[in-house]
1. With helices defined as uninterrupted DSSP H runs, which ones in the chain have an alpha carbon span along their own long axis of at least 24 Å and mean Kyte-Doolittle hydropathy of at least -0.5?
2. Of all DSSP beta bridges in the chain, what percent run antiparallel (nearest 5)?
3. May I ask you to derive the relative contact order of region 35-141, considering only C-alpha pairs under 8 Å and at least 6 residues apart, and to give it as an integer percent?
4. Which of the aspartates and glutamates could a cross-linker span from residue 258 if the Cα-Cα distance has to be under 12 Å and same-chain partners fewer than 8 positions apart are dropped?
5. Would you mind getting me the FRET efficiency between residue 125 and residue 266? Use the beta-carbon distance for r and R0 = 45 Å, nearest 0.05.
6. At residue 378 and residue 206, where each label point lies 7 Å from the Cα along Cα→Cβ, what is the point-to-point distance in nanometres?
7. Counting other beta carbons within 10 Å of each Cβ, put 128, 339 in order, fewest first.
8. Which of 295, 240, 316 comes first, and how do the rest follow, when ranked by fewest Cβ neighbours within 10 Å?
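Since every read-out is calculated from the coordinates, none of them should be taken as a lab result. Please read these numbers as outputs of a predicted model, since none were measured by experiment. FYI the Cβ positions are ideal-geometry reconstructions off the backbone, even for glycines, and counts take in every protein chain you see.
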Amino acid sequence: MNFKTLALGGAVCAALATAAAADVKVGMITTLSGGGAGLGIDVRDGFMLALEQSGRDDIEVVIEDDQRKPDVAVQLADKLVQSEKVDVLTGIIWSNLAMAVVPSVTAQGKFYLSPNAGPSQLAGRGCHQNYFNVAWQNDAYHEAAGAYAAADGSKKAFVLAPNYPAGQDAITGFKRGFGGEIAAEVYTKLGQTDYAAEIAQIKASDADVLYYFLPGGMGISFMKQYSGSGAEVPVIGPAFSFDQGILGAIGDAALGVKNTAHWSKDLDVPGNAEFVASFSEKYDRLPSIYAAQGFDTALLLISASAAADVTDADAFRAALKAADFQSVRGAFEFADNHHPIQTIYMREVVKEGDVVTNRLVGPAAENYADPYGVDCKM
């Protein structure tokens, strides 16, 4: 395999192999430093593991750190497209960065494979024939969680999320699935770490369930503070707030929390156990949903590039749409808006020995397709 890692500014940090120009050149822009770096690192590591296992030596990957800053992500995308001449871009974690980058790169004829961010704008009116989301549309986990909470008997929900596109989609999705009364709808600052005021509001409310979406360090800070506050409103969330990397930092404070996900390490589908074992062996940690999404994104790229030349845009696009790969989440296909049709599961935070992790409970929404595809006109 021929790939190299470049630091911000273009200096070469490591050249792991050299060869002639690759048949497919991939630009990965992801978050590798600062808040949320663990998410980008997991996407990167899952992606590179799949490439390594494929034995392909015709795929080159240029990796850049967006520092979770939209302006940096835009500059990197321009460099990758104009100077590095990449064929495919991937890697972005955050929806505000995706909105800043994806429309521009697809308009320039490049393919973008999203391993995470799935803003509603790109699933509906802003869809593009060269944009494929391999993870989910942002509403998916939240809509499934709302439906699950309602079926479980909850009548009144307190909902909390950061004020940016994915946070807004989270609340929209939960309310659509829940259908019940909303005790309060609160938006926090992106990157906020002190939640004393919000927790006081939750404790004073008459909500019978709390649903929150606070990814990365935000969720770690909130759950620790919430657990120590004496608040008794039961918590449901998306996997973004309770995934493996997050749980390692939250610890026992998250035990018993239920969370929605399209993947779990104990999901019994072909290839998943092998993925979990190989990722754990290579990186000395359990994989997260972000690692699984990175792995699947690479599998999609590998399958498409085996079936068609990336320089033949129509053929390569058709090969991507076919999604001829075995996803570690099980059944997977693209809807017409190039977002997944898939099952969303419910998990519960448990302790296995000394490790706080998730256990699969069962399906929360089967064959889920996002509601924005009707507005996508390709």
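1. Working: long enough: 37-54 (26 Å, 0.44); 289-307 (27 Å, 1.21).
In the chain, the long hydrophobic H runs are 37-54, 289-307.
2. On the way: 19 of 53 bridges.
Counting DSSP beta bridges with both partners in the chain, the antiparallel share is about 35 percent.
3. On the way: 120 pairs, mean separation 22.5, N = 107.
So the answer I get is 21 percent.
4. 152, 243, 348
5. Values: r = 38 Å, r/R0 = 0.85.
With a Förster radius of 45 Å, E is 0.75.
6. 4.8 nm
7. Details: 128 18, 339 28.
Fewest-to-most Cβ neighbours within 10 Å comes out as 128, 339.
8. Numbers: 295 32, 240 27, 316 22.
The fewest-first ordering by Cβ neighbours comes to 316, 240, 295.
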